[in-house]
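Peer 1: Sharing a structure below in structure tokens format, with a few things to ask.
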Amino acid sequence: MQLTNITDINGRIELVSGLHIGSGNTEMHIGGTDNPVIKNPVTNEPYIPGSSLKGKMRSLLEWRAGVVGITEGKPLGFKHMSKLDGAMVDQGRRILRLFGGAPEGADQDSRLVTEIGPTRLAFWDCALDPAWVKEMKDDKSLLLTETKMENMIDRIRGVAEHPRNTERVPAGARFEFRLTVKVIDDEDLLADILRGLRLLELTGLGGSGSRGYGKLKFTGLTRDGASLMDALAATEI
């Protein structure tokens, strides 16, 4: 097993609808929002954590592979591979190559661990595109986040109850996207990566997706400078 290359996939994530990735802030602030988004503590600008992208993309590929029931909702690991059959075996191996698998005790198949090798993908935090930030700041009426008011409607009385507000990054926001890929023995896992990115476009990211949040699209996507946009558009899930 030999590391033969490290490639970069770069581009932009553009929001089609407002995005909420929570900060986990449990403090109450007078005049603040109930659900703030995660922000860079230095710049106070919202960003997309690499862990959010990795977790969602891995989950989607595991659902597509049909292994979620077998793993009982847990991330696919080496201990689950003996329970897979048919096409799930190859797909499971590809998922483990891309995302890795945590050590799970002495009963795991050491030969399989050696065969799979190291995690191939490294997801980097996605900062706001500086050009988009400048556009917002140049227009004094535009902000980097918005507050969306929501409530529940009483079905019988037809009145709003339990009002709440949620902070979102607005539609149209652009984030810088970077994904680093380790290539072992000249393998080609690009089709699996593009499928994962396409699934992200189709299903969205962050919370409240069933209420229209988190729709996104990739733009200007390249691998080592060569465009991937046509390949992404042609990717079947």
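Peer 1: Which condition number in (1) among the acidic types (Asp, Glu); (2) modelled with pLDDT of 90 or more; (3) outside the structural domain of Pro36 (by TED's automatic domain parsing) is the one that Asp138 fails?
Peer 2: The number of the failed condition is (3).
Peer 1: While we're on this one: Report those strands (runs of 3 or more DSSP E) wholly inside region 147-237 carrying at least 3 residues which are touching a Lys or Arg at 6+ places or on another chain (Cβ under 9 Å) and at pLDDT 95 or above.
Peer 2: Ranges flagged: 174-184, 216-223.
Peer 1: Since Ser52 meets every condition but one in (1) buried (at least 16 other Cβ atoms within 10 Å of the Cβ); (2) small (Gly, Ala, Ser); (3) more than 28 Å from Leu216 (Cα to Cα), which condition does it not meet?
Peer 2: (3)
Peer 1: Out of everything in region 117-130 that is small (Gly, Ala, Ser) and farther than 19 Å from Lys39 by Cβ, what residue ends up being surrounded by the most Cβ atoms within 10 Å (Cβ to Cβ)?
Peer 2: Filtering region 117-130 for residues that are small (Gly, Ala, Ser) and farther than 19 Å from Lys39 by Cβ, the one surrounded by the most Cβ atoms within 10 Å (Cβ to Cβ) comes out as Gly117.
Peer 1: Next question, about the same structure. Under 6 Å between Cβ atoms, which residue pairs at least 6 apart in sequence (or on different chains) link something in region 61-88 that is touching a residue at least 60 places away in the same chain (Cβ under 8 Å) with a partner that is part of a helix (DSSP H, G or I)?
Peer 2: Leu61/Ile95; Leu61/Gly196
Peer 1: Can you tell me which residue among Glu72, Glu27 is surrounded by fewer than 16 Cβ atoms within 10 Å (Cβ to Cβ), out of contact with any helix residue (DSSP H, G or I) (no Cβ under 7 Å at 6 or more places or on another chain), at pLDDT below 95 and under 30 Å from Arg93 (Cβ atoms)?
Peer 2: Glu72
Peer 1: I'd like the full set of residues that are more than 18 Å from Asn44 (Cβ to Cβ), within 29 Å of the chain's Cα centre (by Cα) and charged (D, E, K, R), limited to region 137-165.
Peer 2: Listed by number, the residues that qualify are Lys148, Glu150, Arg164.
Peer 1: Can you name the number of the only condition in (1) in contact (Cβ under 8 Å) with a residue 40 or more places away in the chain; (2) surrounded by 17 or more Cβ atoms within 10 Å (Cβ to Cβ) that Gly92 fails?
Peer 2: With respect to (1) in contact (Cβ under 8 Å) with a residue 40 or more places away in the chain; (2) surrounded by 17 or more Cβ atoms within 10 Å (Cβ to Cβ), Gly92 is out only on (1).
Peer 1: Scanning for something of a type in the set (Ser, Thr, Tyr), part of a loop (DSSP other than H, G, I, E, B) and surrounded by fewer than 18 Cβ atoms within 10 Å (Cβ to Cβ), does region 132-145 turn up at least one residue?
Peer 2: yes
The values are calculated or read from the model by the stated rules, or taken from the named source; none is laboratory data. As the structure is a computational prediction, the values presented were derived from the model and not from experiment. Every residue, glycine among them, receives a Cβ derived from its backbone with ideal geometry; neighbour counts consider all protein chains shown.
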